[in-house]
Amino acid sequence: MYTTGIYVVSFFLKVLALFNTKIKLGVNGRKQTFNILEEKIDINDKTIWFHCASLGEYEQGLPVFEVLRKNYPNHKIVLTFFSPSGYEIRKNTTLADVVVYLPLDTRVNAKRFLELVHPEFTVFVKYDIWPNLLHELKRQDRRAILISALFRKNQSYFKSYGGKRQSALFAFEHIFVQDENSKSLLNSINYNSVTISGDTRFDRVSNQLSQINTLDFVTEFKSDSTCIVIGSSWPEDEDILIPYINSNASKDLKFIIAPHEIKNSHVKAILSKLKVTTVLFSKKQGKDLNDASVLIIDTIGLLSKVYSYADIAYVGGAMGQTGLHNILEPAVFGIPIIIGKNYQKFPEAFSMIEHAGVTSVKSEKDLKTVFDALISSKEYCTSEGLKNSAFINKNKGAVVQIANYIRI
């Protein structure tokens, strides 16, 4: 039934690709996977396979990938993505020798993929468990691990009807999980080769501090003002943020908005609601950036550096149902963070609300109260931010545990 379902999904994806650009990228990209592998991998090559569902999982696994790249320079690295949002952004990464879309999870595709890649070692990040691929890995007695895994009781792995997906987990010789609950759930199905290592994202964001984070245009825009950075915002976030911006933005209090979706229609919608002087990143040339009160980052790849300029950060995704974005990225810079109300599936948010400097708001009124309190007291703002950087430092170390385990 599972494999039949994959073929049905494949059919509908091809139909939907006629109307959806993102789906079309994935459908067309998967058509090229086997040709690329045949061209770039020889039967005698030693290979390591990394798999990530999308960009977030890539960033999560990156510190481990970098260690393996360094430790095993003679192996070819094959990197696969399921989602176009990961592949299209990282298809030219120098970390990997080959970057392709993961083929749909049929038995035929699984056998052909592994025949071409013949990985000596495989690393899956967090989730995206594909039973046919994993069963074939196990049948061929190939080594694989899962890192930064996070499980919940309501997932099919732990239900009576989840046999095929549950058995796929046993293809991993070891699973590194983020928390005790995930370990207990695995133990409940008699999977015991498990280590609580934490989340590799703590190591990933900590590395950002060793990077050059200077952006001349942000330096010019911010000058000596207090700056609030709004990262990965969605319309639901902007609905409560823009009224505050319109009432409070000035030469002394500036805002940087980095929308998650940078489509022209979304950016135009934001601009239409703002009533203060605003400049777009894409049209900054020749503008006096210091005169603007709002800067909109209508491009990708800059947010982690932009956060280094923030005095306060608002991280989007949790006012609606799209999912909270990465709150660890701004936290490493020691600044207070505000998020929306729907963070239930994000354990780091629970922990940081309780033990660090993250605050959840439910409304425009809540947002104003929190912003005003942080802006009016530099001491309070600083202390909340320091809680966040301390939380990051306390939770580092997953990469060391994983790297110490891997021997090829």
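The values are calculated or read from the model by the stated rules, or taken from the named source; none is laboratory data. Everything numeric here is computed off the predicted structure, so don't read it as measured data. A quick note on method: Cβ atoms are made from the backbone with ideal geometry, for glycine too, and the neighbour counts reach across all protein chains shown. Keep in mind that these areas ignore ligands, DNA and RNA; they rest on the heavy atoms of the full protein, side chains included. Shrake-Rupley method; radii C 1.70, N 1.55, O 1.52, S 1.80 Å.
General remarks:
- Here Gln285 fulfils each of the conditions (1) open to solvent by 20 Å² or more (accessible area, probe 1.4 Å); (2) at pLDDT 95 or above apart from (2).
- Among the residues listed as Lys222, Lys183, the single one being in contact with a strand residue (DSSP E or B) (Cβ under 9 Å, 6 or more places away or on another chain) and closer than 30 Å to Asp298 by Cβ: Lys222
- Unique residue being part of a loop (DSSP other than H, G, I, E, B), in contact with a helix residue (DSSP H, G or I) (Cβ under 7 Å, 6 or more places away or on another chain) and surrounded by fewer than 21 Cβ atoms within 10 Å (Cβ to Cβ) when the list is Lys164, Lys153: Lys153
Residues are listed down the side, and each one gets a yes or a no for (1) more than 23 Å from Thr214 (Cβ to Cβ); (2) of a type in the set (Asp, Glu); (3) open to solvent by less than 60 Å² (accessible area, probe 1.4 Å):
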residue	(1), (2), (3)
Gly316	yes, no, yes
Gly323	yes, no, yes
Ile335	no, no, yes
Phe346	yes, no, yes
Lys362	yes, no, no
Leu374	yes, no, yes
Ser389	no, no, yes
Ile392	no, no, yes
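- Of residues in the stretch 171-187 being among the small types (Gly, Ala, Ser) and part of a helix (DSSP H, G or I), the one surrounded by the most Cβ atoms within 10 Å (Cβ to Cβ): Ser182
- Whichever residue in the stretch 216-234 is in a helix (DSSP H, G or I) and surrounded by fewer than 16 Cβ atoms within 10 Å (Cβ to Cβ) and, among such residues, is farthest from the chain's Cα centre (by Cα): Glu220
- Where Asp224 falls short, out of the listed (1) touching a residue at least 40 places away in the same chain (Cβ under 8 Å); (2) among the acidic types (Asp, Glu); (3) over 20 Å from Ile338 (Cα atoms): (1)
- Inter-residue pairs, beta-carbon under 7 Å, first over 16 Å from Ser193 (Cβ atoms) and touching a residue at least 12 places away in the same chain (Cβ under 8 Å) and in the stretch 164-182, second in a helix (DSSP H, G or I) and aromatic (Phe, Trp, Tyr), 6+ apart: Lys164/Tyr2; Arg165/Tyr157
Here is a yes/no grid of residues against (1) modelled with pLDDT of 95 or more; (2) among the hydroxyl-bearing types (Ser, Thr, Tyr):
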site: Thr4; (1), (2): no, yes
site: Val8; (1), (2): no, no
site: Phe12; (1), (2): no, no
site: Asp42; (1), (2): yes, no
site: Trp49; (1), (2): yes, no
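- The set of residues in the stretch 119-139 being closer than 22 Å to Asn74 by Cβ and open to solvent by 10 Å² or more (accessible area, probe 1.4 Å) consists of Glu120 alone.
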